[in-house]
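This report refers to the structure that appears directly beneath it.
Every number here is computed from the coordinates shown, using simple stated rules; none is lab data. Treat the numbers as computed from the prediction; the structure is a model and nothing was measured. Cβ placement follows ideal geometry from the backbone for every residue including glycine, while neighbour counts extend to all protein chains displayed.
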Amino acid sequence: MQWLEQALQGQAIAALWHGAPALVAPLSYRRYANLAEVSAASLRQGWPVRLRRSGGGVVPQGPGILNLSLAYPCVGAPGALAEPAYAHLCGLLGSALACLGIACQPAAVAGSFCDGRFNLAVRAQGRLRKIAGTAQYWRRANGRQAVLAHALLLIDADPALLCAQANRFEAALGSPRQYDAQALTNVAQCWSAAHPGQRLPADLSHVVTQHIAAALLH
């Protein structure tokens, strides 16, 4: 929200960051009467629950995940600007991953957490697998408007672990949603597939961060 406030004042902000282990759910999950109880249990297991203003579903955070947040002022109707904002975000990540030999495309991926048509997906082992998710949140004030566009990129986080935690949380709430680890991949897996026989970069997250930063400057 602070970044959005700055964007409303005319600033453009780009942030690349990592978060501690957590499950991040939209405010709509307050519809579950047992949310507080389930969140307390999740906290005891080392996975605190946070609520966010953007829509979608549960998203795990933690080591092995790189986040890109862009906040900037916009002129025009949000309905007309939403898709370009998503396309810009996907383009930045796609350009960075292409530098690593990883081809991706915006696509929905059934079975992935917080699925949407502006996921970034990689075709691996005969199917599309989600490597990044995107979201956005708009704010208007005093005749101005700004958007916070966000992407979550799986670097070397374990898809099975992330899905297990998200599935545990959904089941405890009584939600019918369940997620499939096979619908996900990460940069480490894709890099290894694109460079057979080569050793994975020692600090893959730093390498990816550099490529995203370079894409932002262009």
Quiz item: For residue 95 and residue 75 in the same chain, what is the full-extension length gain: residue separation times 0.36 nm, less their Cα-Cα distance, in nm?
Solution: 4.6 nm
Quiz item: Based on Cβ point charges of +1 for Lys and Arg and -1 for Asp and Glu, what charge dipole magnitude is obtained for the chain about its Cα centre, in debye rounded to the nearest 20?
Solution: 400 debye
Quiz item: Say the dipole of the chain comes from +1 at the beta carbon of Lys and Arg and -1 at that of Asp and Glu; which of 97, 147, 12 then lies farthest toward its positive end?
Solution: 147
Practice problem: Run the dipole for the range 106-176 about the Cα centre, Lys and Arg Cβ at +1, Asp and Glu Cβ at -1, nothing else charged, and hand back the magnitude in debye, nearest 20. | Solution: 360 debye
Practice problem: Give a residue-ordered list of calculated ³J(HN,Hα) values for the range 166-180 (Karplus: 6.51 cos²θ - 1.76 cosθ + 1.60, θ = phi - 60°; whole Hz; x for Gly, Pro). | Solution: 5, 5, 4, 5, 4, 5, 5, 6, x, 7, x, 5, 9, 10, 10
Quiz prompt | Debye equation applied to the C-alpha atoms of the range 40-177, log10 I(q)/I(0) at 0.14, 0.18, 0.20 Å⁻¹ | solution = -0.72, -1.09, -1.26
Quiz prompt | FRET efficiency estimate (nearest 0.05) - Cβ-Cβ, residue 202 to residue 117, R0 25 angstrom | solution = 0.10
Exercise. Determine the sum of side-chain charges near residue 4: Lys and Arg each +1, Asp and Glu each -1, restricted to other residues whose C-beta is under 11 angstrom from that of residue 4.
Key: +3
Quiz item: List the trypsin sites (Lys or Arg not before Pro) in the range 142-206 that DSSP assigns to loop (not H, G, I, E or B) and whose Cβ has at most 12 other Cβ atoms within 10 Å. Which are they?
Solution: 199
Exercise. Give me the number: length gained by fully extending residue 9 to residue 103, i.e. 0.36 nm times residue separation minus the C-alpha to C-alpha distance, one decimal in nm.
Key: 30.2 nm
Exercise. Go ahead and run the numbers for FRET between residue 34 and residue 1, Cβ-Cβ distance against an R0 of 35 Å, rounding to 0.05.
Key: 0.80
Quiz item: What spacing in nm lies between the two simple spin-label points modelled at residue 124 and residue 210, each 7 Å away from Cα in the Cβ direction?
Solution: 2.2 nm
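Using just the helices of the chain, give the 222 nm mean residue ellipticity in deg cm²/dmol: DSSP H runs with n ≥ 4 each add -39,500 (n - 2.57), and the total is spread over all residues, rounded to 500. Don't skip to the answer; put the middle values down first.
Details: 6 runs with 75 residues, N = 218.
Helix contribution divided over all residues of the chain: -11000 deg cm²/dmol.
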